[in-house]
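Okay, so here's the structure we're looking at.
The values are calculated or read from the model by the stated rules, or taken from the named source; none is laboratory data. Keep in mind that this is a model prediction, so the values were computed, not measured. Cβ placement follows ideal geometry from the backbone for every residue including glycine, while neighbour counts extend to all protein chains displayed. Remember, those area values only see protein heavy atoms, side chains included, never the ligands or the DNA or RNA. Shrake-Rupley method; radii C 1.70, N 1.55, O 1.52, S 1.80 Å.
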Amino acid sequence: MATCAEIIEDEETQNCIKCLYGMKITRNGLIRFTNDVMTAFRDQAVDDANENNSAKHQSCSSCTTKSVVPCPTRGICSFLRGTRACKFHDSLPQPCPNKLCNHMLLFIMRNHKYGAPSLKNTDASAWFTNAWEIAKCFCPPDGYINAKSAKETDLNGLLSIFENCVLFEDKFNDVKCIGEIREYCRNLRHSPNMQIPNTEVPRIFQVLRNLLSDQKDIGTRQEAKQALEQLNELESNNITISMEETKIILATERQAAEECQHKQCQDTQGELINQIASRLDQITMLLELIEQRSRRQSTRETATNDGETTDTVKMKYDEKVKGFAEDLCILYNKYYSTLPLGPLFEEKVTPVEDMFVIPTLTHLKTETTSEKKREDMFRSGCNTFQEPITSIDEIFMRKNKRATTIYLEGKTGFGKTSYCTFLTTLWCRKNSKVNERRQGALFTENSAYIDKSKILEEFKLLFLVPLRSVEAGIVDVDDMIYKHIIPNLAHKDTYDMAFLREVLNEERCLIVLDGLDEWLHPSRHTSCMQKHCCLPHCSFRNCVLLISSKPGKIADSCVAFTEFENRLALQKLDERARRILVENISKRLKKDTCGINVVKFLAEVEKDGIQDFLSNPLTIVQIMCLWHDDKSFVDSRCKVYCQILNMLLIRAEQKSAPLHISQSSDEKENVELPPCFTDDAECCHKYKTLLLKLGELAFKSLKSDNAHMLDARTVTKTLSSEEEKFTLCTGILSKHEQSEKFARKVCYYNFLHSTYQEMLCCLYLVCAQRSDDLTKELLNKLEGKMQKDILSEFFVFSCGMSAKIANSAHEKILKMKHDQMKTCDRIKYLDVRNFRDLTLKGYQESKNDGVEINISLRQCVFDKHMDSQSNPELWNKMEGIYSLACIWHKQFSIKVDEMNKAIQESRDSLLYVFINGEHGKDIRCTSANLNACYILHTLELRSIELTDILDLSNCQTLSSLTIAKVKLSQIHLNPSKLHYCFLRPIDDKDNSFKLSFAENKTFSANLKELTLMKVNVIGELDISKCQHLDGICLWNVSMDSLKISEHPIKTCFLGDHIGNDDKSYWPDVLSILENSTTIVELYVSGSEYKSTELLRTIQTMSNLRDLQLMHIDCSESELNFPKRLERFSLDEVKLSFDAFKVLVSTVKSFQQSIECQFEGCEITNTDSNAIEIFITETCKPPSYEIDHKVFRSRNESFPIPINIRSPGPKVDPNIKNLGFHTCVE
């Protein structure tokens, strides 16, 4: 029989199973003890009831819980709104006829630690016959109603009885371990995964042993001693956990998680619900893995009985996987190895290697370097920077480890689908002999870039799923693959769902989901347990998931970008890439005609100032086709698309007979097309009925759940067979057949591109009779589905066609944005700027097409792209502003008076204000206007001077406050709604400001990040209620008193003075950090507390990854850092030579890679010669390599960069910039 370790490869998941099994052993050792004590308790309760009442009856079984419990009872009774009808009691409670049960209840309540027994759990009619019905009164209120004995009660329930029943207080010498075990149980049950770090396992087993070895009672019992022996054997790995036992443990955990989820769905935040849902997904995946292993074991045993060996079965499996990969390559070579050029070309597709141009791809990362942290500690808005990707392998790597979730974003037409096709083609070339093609320009000219890719070869299988073709209701990735890929394979009957899931779990697979923005997660999918989910479900352990989408899909959802290990972005084509793509397209045009002059084409584009049209491949193809047909360039998006439609219709007429146009009185024939359909677009006017029908199809599809897929019934109902044939010839619509495994083929249709769909839909609404009603219907539908990307494109097209529709679309987007701003934790500048840019884009489109729209600029960003001189019409329409951002640049200055006027006139509507004077000069602002903004949500001020007190005490909606490098005297604040607070004065040695709070107002549980630097707090700083605080910085902060409690802090910055003249609060802060399992990053500078206590506290932080110590004297201490550390930096730290030697030896012994940095450290009791000898002797290849050494005279620093190469398969750690002073005492 297989063991847990053989089935589950992840060590931390094994730890979790091991600890759960240890808890089960502990529970078994407590069962008899608990039964004995509770039986004695029942006997005492019965004696008390009989003694107090002199009752004739010794027992009672006629009373129910509802008849015994008084009404109302807190925690039990609740009433229907507007009535006095109790939901718990069917009728009024009645006294016990035997005068016993009411006294039993009083006895239970007196002996409950908090006087509030869980009476919903118990059956009062069995109190005199079953002691466990009384015991359940001391269990948690949910999940124990069906437990009939101690054997049916889990460890948490037993421990709850120990804690709540007063009788158990005399049964233990130390009850502390009970609370510790319950805390572990609670954290494990609410954790988002089934993983426990190696460092936590000994602690859990120790508290379990402490409980079982308590010598006051339980430790003397034989069953507890046996359980203790089993625990020791289990921790030493002398006991193996079988597959069946693992299955039982996981099934129990799944039941508990489902019960917990059911309860939390009613009254708890979505974050915890998502954590429990994530845990359930992982438990389900592990159970499925065990089932697959069982089936495989059964198959092998059957095969062995039939004469086949285990090796033969394994060989057959491997051959089947290999055949699966070859079938996939055949499929991809046939359908996914070409790029669409569009219907304007004689050859509508071309091989990837002849057309694809490798784009600029960047990592979007959060700025977390030590230098940036020391400068700003926490960056408002979680600033990101873009790091260029130089090889394909970098896509799949994160911090020297393989990434498992990757998000690729790119704007419309930037080539997301083309890049997915490129990766698929490359995988086929590297992993199969089926795809032996000629070498195209892509592979010959970019051989260095492509040949460096090795990770793609690691993937046994690649599954490319275009999400636009996935039918509604499918949310699981395995279902998508099974229904949309396998039916198209050569040997489709060979691969059933069980085999597919086994492959996804056992083999290294890459799953590419293309077009998340074109797929919608069903809102009422019963199997989806996560709230606000917008992602397909994938829980297979060996799979790497790559998802492509437009930028807004994740940003507008409740899914955090942190769920993706790598976030990538496709950028605009640079000049070189544009030239190559233009040349490639020109070559395809030459097959029928003389092509175009590339140099002349690019010169004409630059002359007409429409370089932005060459920013992505889609518009490049369109502009080149217009140029090829001698059409003059236009500066309107609508006109470009109209001309392209006209060309498509002309080409269709040339390929087939013109569509017969009946001379009927169809209302569509009598409408006038918008002005963007110029007179030279003759075919558009000729076929306007057909275009309006296509617009109707676009309208219907955008309203549907799957906005980018049309079913055959809708198309045939709208278009005649002749119109359908002609439309397919134009290429505006394309027809696809989807094979089902056990059913007939299903047909569906797509538009040429989503932008054509949105343009035609707009055209239909402009010309429709019920235009207002239909527009309202569409906008409401898009709002309900949160399809802001579609709505944005629709808005731009409407600006070139209809002022009325454009105004409605703009107001709808504005409402969606406004609602989103009010509910988020922090409004981000980039979101505000992007909406401003969308408004400007639509306004410019309306000017180019001669449409007078009436939109107001509610999201204002005054920067080098917009001031009062540009677009004066739009500037004059500013009213009721929601967001205002003013950013000074070196060559751009904002008039402070205009800014103050904008704030004053919009003080009743402003949610967001951002003023950045970093590149300005002597920017002095008055606080009065900001003080009058009572509904502010996010306020960010940088590098300016405020002449008055900033009084925000009347603003009860403030969620994010950032004051960075601002000169002011005092801030008066209402912090009750704050999620983020960053306060830092200008970088002047003697400059600081005061912070005071509105009366009886303190930071609440909402607070997530708090940064106070050089701040004088008036009164008490109370952060004891901030249970969600995960980032804190206290740097040179004075206060009268500090009230702080344990929080799940992940990042912590501490520096210089914390306290007042009479008392330092360093001990209080360090005490709440001691034994922290959540803190990951710690930065400490100039501690005014003992360095020995600081270092001792650091040693207890089991999950610490990043440590930086600055200006600290550690000469009398040893530097023993936590074993999971990945980076540490010592900056001007004083330490002894012995401590330095121990530190280097410790780093060498770490199992993981570690990056170390020493800057200006002072080494005592030695000289440079001794250090040189030590490093030379210690740093021997292959473990260490000294790149170079620069020694100076004593008491001067010298850097020794050292690269550490740890033995074994680990990634090379790196010690950088080892610079220090030597000092002989």
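Just a few scattered comments:
- When Thr240, Thr252 are screened for being assigned to a loop (DSSP other than H, G, I, E, B), open to solvent by 70 Å² or more (accessible area, probe 1.4 Å) and touching a residue at least 12 places away in the same chain (Cβ under 8 Å), only Thr240 passes.
- Considering Thr153, Thr220, Thr199, the condition of being at pLDDT below 85 and of a type in the set (Ser, Thr, Tyr) is satisfied by Thr199 alone.
- Pairs where the first residue, in the stretch 150-162, is without any contact (Cβ under 8 Å) to a residue 12 or more places away in the chain and the second is surrounded by fewer than 23 Cβ atoms within 10 Å (Cβ to Cβ), C-beta under 6 Å, 6+ apart: none
- Within the stretch 752-769, tally of residues that are modelled with pLDDT of 85 or more and open to solvent by 10 Å² or more (accessible area, probe 1.4 Å): 4
- Of all the residues in the stretch 799-834, those that are in contact with a Leu (Cβ under 8 Å, 6 or more places away or on another chain) and either over 23 Å from Pro675 (Cβ atoms) or not aliphatic (A, V, I, L, M) (or both) number 9.
- Boolean, Ala124 is touching an Asp or Glu at 6+ places or on another chain (Cβ under 8 Å), open to solvent by less than 10 Å² (accessible area, probe 1.4 Å) and not charged (D, E, K, R): yes
- Selection of the stretch 163-180 for residues being without any contact (Cβ under 8 Å) to a residue 60 or more places away in the chain and either hydrophobic (A, V, I, L, M, F, W, C) or at positive phi (or both) yields Val166, Phe172, Val175, Cys177, Ile178.
- Residues (within 14 Å of Pro658 (Cβ to Cβ) and in contact with a Lys or Arg (Cβ under 8 Å, 6 or more places away or on another chain)) located in the stretch 678-694: Thr689
- Considering the stretch 188-226, and only residues there that are among the hydroxyl-bearing types (Ser, Thr, Tyr) and in a loop (DSSP other than H, G, I, E, B), the residue that is farthest from Asn35 (Cα to Cα) turns out to be Thr199.
- In the stretch 723-741, the residues that are in a strand (DSSP E or B) and hydrophobic (A, V, I, L, M, F, W, C): Leu733
- Selection within the stretch 1031-1042 - of a type outside the set (A, V, I, L, M) and open to solvent by less than 50 Å² (accessible area, probe 1.4 Å): Gly1031, Cys1033, Trp1035, Ser1038, Ser1041
- Subset of the stretch 113-154 (residues that are touching a Ser or Thr at 6+ places or on another chain (Cβ under 6 Å) and not in a loop (DSSP other than H, G, I, E, B)): Ala124, Ser125, Ala131, Trp132, Glu133, Lys136, Cys137, Ala150
- Test for Val634: is it in a helix (DSSP H, G or I) and β-branched (Val, Ile, Thr): no
- Residue list for the stretch 690-722, restricted to those being among the aliphatic types (A, V, I, L, M) and either surrounded by fewer than 18 Cβ atoms within 10 Å (Cβ to Cβ) or part of a helix (DSSP H, G or I) (or both): Leu690, Leu691, Leu692, Leu694, Leu697, Ala698, Leu702, Ala712, Val715
- When the stretch 210-226 is filtered for residues that are under 44 Å from the mean Cα position of the chain (by Cα) and either of a type in the set (S, T, N, Q) or open to solvent by 40 Å² or more (accessible area, probe 1.4 Å) (or both), the ones remaining, listed by number, are Asn210, Ser213.
- Restricting Lys1008, Lys1025, Lys1014, Lys1001 to those that are within 13 Å of Leu973 (Cβ to Cβ) and open to solvent by 30 Å² or more (accessible area, probe 1.4 Å) reduces the list to Lys1001.
- Inter-residue pairs, beta-carbon under 6 Å, first under 21 Å from Leu581 (Cα atoms) and in the stretch 401-424, second of a type in the set (Asp, Glu) and open to solvent by 10 Å² or more (accessible area, probe 1.4 Å), 6+ apart: Thr417/Asp514; Cys420/Asp514
- Here Gln787 meets the list (1) of a type in the set (S, T, N, Q); (2) farther than 30 Å from Ile485 by Cβ; (3) crowded, with 19+ Cβ neighbours inside 10 Å almost entirely, failing just condition (2).
- Residues satisfying the stated conditions in the stretch 815-843, i.e. farther than 19 Å from Phe862 by Cβ, touching a Phe, Trp or Tyr at 6+ places or on another chain (Cβ under 8 Å) and surrounded by fewer than 20 Cβ atoms within 10 Å (Cβ to Cβ): His818, Asp825
- Thr268 falls short on exactly one of the conditions (1) more than 30 Å from Leu570 (Cβ to Cβ); (2) at pLDDT 75 or above; (3) not aliphatic (A, V, I, L, M), and that condition is (2).
- Cβ pairs under 6 Å, 6+ apart, first in the stretch 1021-1039 and touching a residue at least 40 places away in the same chain (Cβ under 8 Å) and under 16 Å from Gln1108 (Cα atoms), second among the hydroxyl-bearing types (Ser, Thr, Tyr) and crowded, with 22+ Cβ neighbours inside 10 Å: Cys1033/Thr1011
- Subset of the stretch 1113-1141 [assigned to a loop (DSSP other than H, G, I, E, B) and in contact with a strand residue (DSSP E or B) (Cβ under 7 Å, 6 or more places away or on another chain)]: Ser1115, Leu1119, Phe1121, Leu1125, Glu1126, Glu1132, Val1133
- Applying a threshold of 8 Å to beta carbon distances and a minimum spacing of six or more residues, or different chains, the list of pairs starting in the stretch 1-19 at a residue that is charged (D, E, K, R) and ending at one that is in a helix (DSSP H, G or I) and at pLDDT below 75 reads Lys18/Cys4.
- Applying the criterion of being in contact with a strand residue (DSSP E or B) (Cβ under 6 Å, 6 or more places away or on another chain) and within 21 Å of Asn1120 (Cβ to Cβ) to the residues of the stretch 1051-1078, the residue that is surrounded by the fewest Cβ atoms within 10 Å (Cβ to Cβ) is Trp1066.
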